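One structure is given below, encoded as structure tokens.
The values are calculated or read from the model by the stated rules, or taken from the named source; none is laboratory data. As the structure is a computational prediction, the values presented were derived from the model and not from experiment. Cβ placement follows ideal geometry from the backbone for every residue including glycine, while neighbour counts extend to all protein chains displayed.
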Amino acid sequence: MKKERVLRHIDWVLIGAIVPLVFAGLVTMNTFSVENYFFARQIVWLFAAMIIFFIAAHIDWRFLRHSHVAVIGYVVFITLLILLFLSIAINGAQSWFVLPGFSFQPSDFMKIILIVLLAKYFSRRHVQIAQVRHIIVSGLYAFVPFFLIALQPDLGTAAIIFFIWLGMVMFSGIPLRYLAVIVAIVALTVSFLWHYGLDPYQKDRILIFLDPWRDAQGAGYNALQSQIAVGSGQLIGKGVGFGTQSRLEFLPEYETDFIFAAFAEEWGFVGILIVLFLFGIIFLRLAQIAVRGSSNFESLFVLGYGVFLLSHVAINVGMNVGLLPITGITLPFMSYGGSHLLAEFGGLGMIMGMRRYEKRGLPSF
């Protein structure tokens, strides 16, 4: 009976949109000829992520509204982000704890913890939400992980932290006139990072984004190869396993950062439309769940999770097609990686758990 109750509250339409994305990622990263490290490991991570998903879907998350669990989790992961500066740099960034058999990236889980904390903060202050101090206090909650992650340096993930905060600020009902203050703060932050926070290679990424051909064999190589892969897919793609840019390794890290480009090369414009359509279904279903939230806390958490996914999709797709600078941002449910899969499915499981006590009788859309 308990199993049936949990399954009944799972949004199978939403899950039905995620499964093809997971399958598309697995097919794109598989070589089909020899044993593939990424494919085999991804299967293991997906299995672990599904276990976490169903455990989270079974929990009554209303205790988060009044407990100190969110604050404790926030402090724990802030501590882990600080300890990362004692770790070994991978690809120029101190973003990972390397443990026997696997690596662990705390920033992926920090995003979910921040969503919980901000949802709790705004839901308990909705009556006084027009006060500017709530922008400042909530901004400080987001600034600490933003700053620590930017120092790693991992500006892509830091940008996700910012967008989560900005999205939840707007959804919380804070007056839009305060956006001018936010824009000014962002402008000052960007200026500071450009002059004092960015490493030379990060500045190169931005300059190369504006003109990849200025260093086609160096800093602009990844951006150009990604654009070539996307364009060469044309209407219906080259076919599964026939993507030359990825299979012949012209496109680096196609299992992670550039899986969208690798997929587009093999499936073409039609495949791209299908992927974007599936993500559209996910965002629509999340919006519906948010409307039916039992309280402001649940609604804000679901909306924050939606902003988290949307930011990842927008940045990853944007950098793959040449609209944004290259950053190490994964494509949800498709890119290789354990930490981001566990965070995505863990957050999704929490939402399914919240559906067990959502408001009933509201129209679907």
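Descriptive notes on the structure:
Conditions (1) among the aliphatic types (A, V, I, L, M); (2) modelled with pLDDT of 90 or more; (3) surrounded by fewer than 22 Cβ atoms within 10 Å (Cβ to Cβ); (4) not in a helix (DSSP H, G or I), marked per residue:
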residue: Phe109; (1), (2), (3), (4): no, yes, yes, no
residue: His126; (1), (2), (3), (4): no, no, yes, yes
residue: Leu140; (1), (2), (3), (4): yes, yes, yes, no
residue: Val144; (1), (2), (3), (4): yes, yes, yes, no
residue: Leu148; (1), (2), (3), (4): yes, yes, no, no
residue: Gln152; (1), (2), (3), (4): no, no, yes, yes
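- Number of the condition not met by Ser103 [criteria: (1) surrounded by fewer than 13 Cβ atoms within 10 Å (Cβ to Cβ); (2) of a type in the set (Ser, Thr, Tyr); (3) touching a residue at least 24 places away in the same chain (Cβ under 8 Å)]: (1)
- Matching residues in region 170-203 - criterion: being small (Gly, Ala, Ser) and modelled with pLDDT under 70: Gly197
- Given (1) modelled with pLDDT of 85 or more; (2) touching a Phe, Trp or Tyr at 6+ places or on another chain (Cβ under 6 Å); (3) of a type in the set (A, V, I, L, M), index of the condition Met50 fails: (2)
- Checked against the criteria, Ser294 counts as closer than 18 Å to Ala57 by Cα, surrounded by fewer than 20 Cβ atoms within 10 Å (Cβ to Cβ) and not charged (D, E, K, R).
- Answer from Leu273, Leu331, Leu324, Leu286 - the residue that is part of a helix (DSSP H, G or I) and either buried (at least 18 other Cβ atoms within 10 Å of the Cβ) or on the phi > 0 side of the Ramachandran plot (or both): Leu286
- Residues that are among the small types (Gly, Ala, Ser) and in contact (Cβ under 8 Å) with a residue 40 or more places away in the chain within region 154-174 comprise Gly156, Ala159, Gly167, Ser172, Gly173, listed in sequence order.
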